[in-house]
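The values are calculated or read from the model by the stated rules, or taken from the named source; none is laboratory data. Just so you know, these numbers come straight off a predicted model, no measurement behind them. For neighbour counting, all protein chains shown are included, and Cβ atoms are generated from backbone atoms with ideal geometry for every residue, glycine included.
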Amino acid sequence: MTGNGPLLLLFLLILLPGSHPMKIRQIYVKAGEVVTLHCPHSHKETKPTWTCYTPQETDLSNLSSAEQNQMGFLIHERSLVILSATVKDQGNYSCSLWNTTVQSWFRLIVYTTLSSDLERKTQYPITCYSQEACTLTCPDRNIPDKNILNITTTGIVWKKGSDVTTDSLVGESVSKEVYYFSSVDEEDYGVYTCTRSYVYQGQTYNKTFTVILNVKPGEKWKQPEILSPKEKDVFYVDLGSTLMINCTAVLSSEFDEVLWLSENSFVDRNLSSSVFYTWTQDINDEETKMTASLIFKNVSEKDLSKHYTCKLISVSEPPSFVTITLAQKDHTSTFIVALSIVAMILVVALMALLYVKWKTDIAIFLRNTLGCYSSISDGKSYDAYLMCYKSDSDGALNEDDRKWLENILEEFGYTLCFHDRDVLPEEPVEEAVSECIDQSRTVVLIPTTSDPGPGSGLLTDYGALVEQHSHVVFIRTETNGPKRSQSLKGLDKTGRCVTWKGMSSRLSSSSFCKELRYYLPPPQHKNKETTVRMIRP
């Protein structure tokens, strides 16, 4: 098969229905350098078959050693070694065991100059921290195996800079897989190259890798210290109980250690002992922590008499210590604390109960005793407007009851609006009532069996009344009549409802007066001399 046939066949193998998806491993090599393809398939008696498509299909395994040398490659067991890669070597390669359909595919990319994308794919970054030791390792990808016949390794040369022929030498030409900095500095940041050299039939072949060293400021390991517990901490415990005390410390190196001492002796690490310790380690990018857990299976009185010390041994700092003690729990103080909490809960619950029961008396007391009156004007001229509505109940207010209610409210300091007294006489009745409602801070609705008087027509739409004047106090009777307006029934749900109980309510100390005053806002003015008018006959 010649020409583009192999590529077409490869394309069809990928796309044909029922064919398995093919994974091709990409390998990058600089022109003129050695590169090795390793076949993952092996068999004791059968060697893999190598085929190249560059672009012609060629069975490399059938070529003689002389033909292989002439083409610049050699095959040893599972390895295909291209001694000095050229652009002509670029293409697809496959390896497979004889008489099997299992194949591994490689795509060899030979470059002469590096693009930004190739730089990213062929570089090996490493991060170290200033003032800390740092190790650069030379990669070993796609290099000849050490057991390949007639190929010898002459060593590795480390250089700093991207140009391996002119930049400064930083390592000797010896077989050093790593280059070591005892204390890396920001000036050490840069591009490093390591060149592996191989000799075959008197000719030297190289393989170069690029390592990018990034140096971050600061220490990788923090100052070693014990984070917890604190010096002279006391741990309270019950006799016979199990106890675990964690000692956590920040380490400065992997050789640091945290352990426990009992008095002057090391605590045992044997899990069968009554007192022992274990440790765990937490490693992340910022710090390394070790936690030594001191465990008491059954705390005894003997344990309470000893001092226990957490010791941090560091290679960079002198040892540090934290000493703690055990003490028996005082259940008396615990009982007192619990009793105090229960007492506080009961007091709060009692206060809440008393407030619910006596909230009306408390509010009236504060107004009368502490002078809790409104001192900021809200633009209203009157505290309340009394408005009657028709009720069929026998317990509704009569004319004398309404006059008493007017007088008692004015004695309490409320200024009331009367449409026949406080509004211009030439205004129509409905407009005079609306004016009183607008100028009053509260509308008080009173049930009556007689003529409710002018303005009662405004009650046909309760929603409009609430929208016009949101603060409404509704007086109802103990047995409301069946013909009460449907619109007024919604007033029961407002929460500002006071029940009239007949003659028993006509006392200034009655529950009716207290509840009415509770739902009414505080009077705008306290001085009764300016608010109380002459009692009308």
Give me the pairs: first residue in segment 404-421 and touching a residue at least 24 places away in the same chain (Cβ under 8 Å), second residue among the acidic types (Asp, Glu), beta-carbon distance under 6 Å, and six or more apart or on different chains, which are they?
-> 414/383; 415/383
When only residues in segment 115-129 that are modelled with pLDDT of 85 or more and among the polar types (S, T, N, Q) count, which is farthest from residue 25 (Cα to Cα)?
-> 127
Going through segment 438-471 in order, the residues found to be within 59 Å of the chain's Cα centre (by Cα), at pLDDT 70 or above and surrounded by fewer than 18 Cβ atoms within 10 Å (Cβ to Cβ) are 438, 439, 471
Taking only segment 347-367 into account, find how many residues are among the hydroxyl-bearing types (Ser, Thr, Tyr) and either over 17 Å from residue 515 (Cβ atoms) or in contact with a strand residue (DSSP E or B) (Cβ under 8 Å, 6 or more places away or on another chain) (or both).
-> 0
Specify the residue that is nearest to residue 119 (Cα to Cα); the eligible residues are those in segment 211-223 that are modelled with pLDDT of 90 or more and crowded, with 16+ Cβ neighbours inside 10 Å.
-> 211
Run down 256, 238 and say which single residue is at pLDDT below 95 and under 24 Å from residue 330 (Cβ atoms).
-> 238
Residue ID - surrounded by the most Cβ atoms within 10 Å (Cβ to Cβ), chosen from residues in segment 225-268 that are within 30 Å of residue 133 (Cβ to Cβ) and of a type in the set (Ser, Thr, Tyr) = 252
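Quick check on segment 295-341: of everything there that is assigned to a loop (DSSP other than H, G, I, E, B) and among the acidic types (Asp, Glu), which residue is modelled with the lowest pLDDT?
Per the stated criteria, the residue is 330.
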Within segment 264-284, can you find the residues that are closer than 23 Å to residue 227 by Cα and in a loop (DSSP other than H, G, I, E, B)?
-> 264, 267, 268, 269, 284
Any pair with Cβ under 9 angstrom, 6 or more apart, that starts in segment 286-314 at a residue that is more than 21 Å from residue 258 (Cβ to Cβ) and ends at one that is acidic (Asp, Glu) and outside any strand (DSSP E or B) | 299/238
What number of residues within segment 259-279 are among the acidic types (Asp, Glu) and closer than 16 Å to residue 325 by Cα?
-> 1
Considering only residues that are at positive phi and under 54 Å from the mean Cα position of the chain (by Cα), look in segment 142-158 and name the one that is surrounded by the most Cβ atoms within 10 Å (Cβ to Cβ).
-> 142
Here, strands (runs of 3 or more DSSP E) confined to segment 30-121 with at least 1 residues that are charged (D, E, K, R) are 57-59, 103-111
